[in-house]
Structures are given as structure tokens and as C-alpha cells.
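Worksheet for the structure shown next.
The values are calculated or read from the model by the stated rules, or taken from the named source; none is laboratory data. Values in this document were obtained by computation on a predicted structure and should not be read as measured data. Virtual Cβ from ideal backbone geometry, glycine too; neighbours counted across all protein chains shown. These area figures cover heavy atoms from the full protein model, side chains too; ligands, DNA and RNA do not enter into them. Shrake-Rupley method; radii C 1.70, N 1.55, O 1.52, S 1.80 Å.
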Amino acid sequence: MQRSLPFRRTAALAAAALAALAAASLSPFSPDAAARAHTVEGGESRAVRAPDPLMATMATLDRSELIPGTAWGVDPRLNRVVVEADPTVKGARLARLTTLLKPLGKTVELRRTTTRLTTLIEGGDAIHGRDYSATCSLGFNVRRAGAPDAFLTAGHCGNPVKSWATTRGGPQFARTARSSFPGNDHALARYTAGVPHWSAVDLHNGRWLPVTGARDAVVGDRVARSGATTGTHLGTVTALNQTVTYREGRVYGLVRTNACAEPGDSGGPLFTYDPDGTSLVTTALGLLSGGSGNCSRGGTTYYQPVTEALAAYGASIP
């Protein structure tokens, strides 16, 4: 049955099923995370690690000084580490980046983007800070043994906001219990009010998809992200283990997609979705951290892997 837009938004928020997007950080880079699954003759799938010189290049970049507006990660097709720099990287910043990359030679490739790389914390109408003026989006509902039910969102949202409401100036329905940013970009907020909170994501078309589990993203995954500001947008996972340096700090291990997002989508869910399929459920993949571009012209978005957040808080998807 089609539901009205106000009802859908209220239900999605109160139910913690609203999938609005997030912005900001990641988890420490690990050489093990650079392994990729490739199919060889006979159909056998084996893990193939990126060449050691690229791991050394990643380690050098990850230890370097902070240059906001930059992102990098291994591109196995090019056999290089691709470094992206947004329009704010100019003058002294660009000079520092050029000096950093020069000794790395042909292991790196520098690309310029036309839009600014940022976290996406402001705007939207999803979950609102009561003690700090910020709006973010709810990611996934989770359970913890012997503890109150909770939900995941972005760490750059959870750091400043301790008390959450479903409407601006409304009563508290959750409090931030733990938060990690930068380095990682995830936070856990526990429910303090008796609002319904089922495990689902809102597709913003009158439909919800039950969330039945979580896994790591794989390059090529067909995905969707849901946000209070921009609704649901589809895309593909284009890279893993990306490092991004925001104005607020550096994050590691992000998932990159070509799905767009805008301010106010921070913390929202990334999940499996095949518009040509018939699946009635979905799997959790990540929490929106940040990105560049917008949903008018297109853009790039980065996500905190949800499996790392679940492990950090001893939580599980219902």
C-alpha cells in the first residue's frame, strides 16, 4: 500500500530504517585488505595481492602529512596508486603534494577533480543533533548482547552530537554511546525511547527492504545508497581500501562508489541492490563518509565498511 511522504519519513526515522547518507572517515589500512579475488583457469578463485611496490607507496602516502582534499588507493588495472586532488589543492598545498609524489615515480598517478571532497554533515531532515547543530542520517539498526538496541551512523556525526532527535528541536530518542573519527568513521547510538526500529532501509518510493546481514563490499557490486536529502541512488563499487584526507583529518580503508550523495546524507546506508533482480531483502555494506560532486552532475562517494563498525561495537545486524 502506498504511504504518504510525511508518514514514510516519520516511520523511517523513528524506525531507524532511514537510509540517508553520511560523510567522513575510515579504518586503518592493512596490506591484507589489498587482496583481491580473481578467477583463474578452471573457475578457481584465488586471492591475488597487489604488488609490493604499491603497498610500499600506500604506506608512504598514509604516513605523510595531512593535505585536505586528497584521496588515494590502488588501481589494480593500472598497476598504480591513483591519487586524486580536488580544486582546493593549490598553491602551497599542491607544492607539498607534488614534492610528496615525485620520489614515488611511476607507482603513482595524479588526477585532478573538479568538485570539492568533503564530509556531508549539514542539511537534510533525518536525525538531528539536540546538543549540537548538525543533521545526519541513520545507517543500520543493530543489536548487542545484553545491551539496549542501537543504530550505526558516521563517526564525524557521533563525535559532536551526543543527543539525537527525529525532528529539529524534538525530544531525544537516542544517545551516542561510542564514536570513532578520524581514522575510522563510525558511531553507535543507543535507543533511549520506545520508538519502533526494525531492520530495513527506505527506498523512498513507498518500499522498504529488510536488511538480513552484512558483508564486505566487492569491486563490481551493484549497490544503492539511501539518504534523507537525496533519496535512493544506484551505483557500483569501484574501489576498496581508499585513503581520504578531509579538512577534519585522514581516514583509511574506505569503499568508493560512483553513487552520488549530498550534504545531510552523512551516515546513511550503502547496501546491495540489483534493480533487475527480484530479491526482497538486502545486505549491509557501508556507512556514508564523504565524497565529491552532487546528484545533479554525478559524483564519487566513500563509505566506512559496516563490518568494521559491527566488530568495533560487538554488534550484529538483526
Does the range 136-152 include one or more residues that are touching a Pro at 6+ places or on another chain (Cβ under 7 Å) and aromatic (F, W, Y)?
yes
For a quick check of your reading of the model, give me the residue pairs whose first member lies in the range 129-148 and is closer than 18 Å to V306 by Cα and of a type in the set (K, R), whose second is open to solvent by less than 80 Å² (accessible area, probe 1.4 Å) and in a strand (DSSP E or B), with beta-carbon atoms closer than 8 Å and at least 6 apart or on different chains.
R143/A150; R143/A315; R143/S316; R144/A150; R144/A315; R144/S316
How many residues, within the range 298-312, are in contact (Cβ under 8 Å) with a residue 24 or more places away in the chain and surrounded by fewer than 19 Cβ atoms within 10 Å (Cβ to Cβ)?
3
Log entry, pairs with first residue in the range 262-284 being open to solvent by less than 40 Å² (accessible area, probe 1.4 Å), second being of a type in the set (K, R), beta carbons closer than 7 Å, six or more apart or on different chains, reads G268/R225; P269/R225; L270/R225; T283/R215
In the range 261-295, how many residues are closer than 23 Å to H128 by Cβ and not in a strand (DSSP E or B)?
9
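Could you list all residues from the range 242-260 that are of a type in the set (S, T, N, Q) and part of a loop (DSSP other than H, G, I, E, B)?
Within the range 242-260, the first condition is being of a type in the set (S, T, N, Q), and the residues that meet it are 242-243, 245, 257-258.
Hit for the range 242-260 is N258, nothing else.
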State the number of residues belonging to the range 122-161 that are modelled with pLDDT under 90, under 17 Å from the mean Cα position of the chain (by Cα) and either assigned to a strand (DSSP E or B) or over 17 Å from A261 (Cβ atoms) (or both).
2
Hits in the range 160-211 - residues which are charged (D, E, K, R) and either without any contact (Cβ under 8 Å) to a residue 24 or more places away in the chain or more than 15 Å from A126 (Cβ to Cβ) (or both):
K162, R175, R178, D185, R190, R207
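Is it fair to say V89 is β-branched (V, I, T), in a loop (DSSP other than H, G, I, E, B) and more than 27 Å from A214 (Cα to Cα)? Talk me through it step by step, then tell me what you get.
Numbers: β-branched (V, I, T): yes; in a loop (DSSP other than H, G, I, E, B): yes; more than 27 Å from A214 (Cα to Cα): yes.
The answer is yes for V89.
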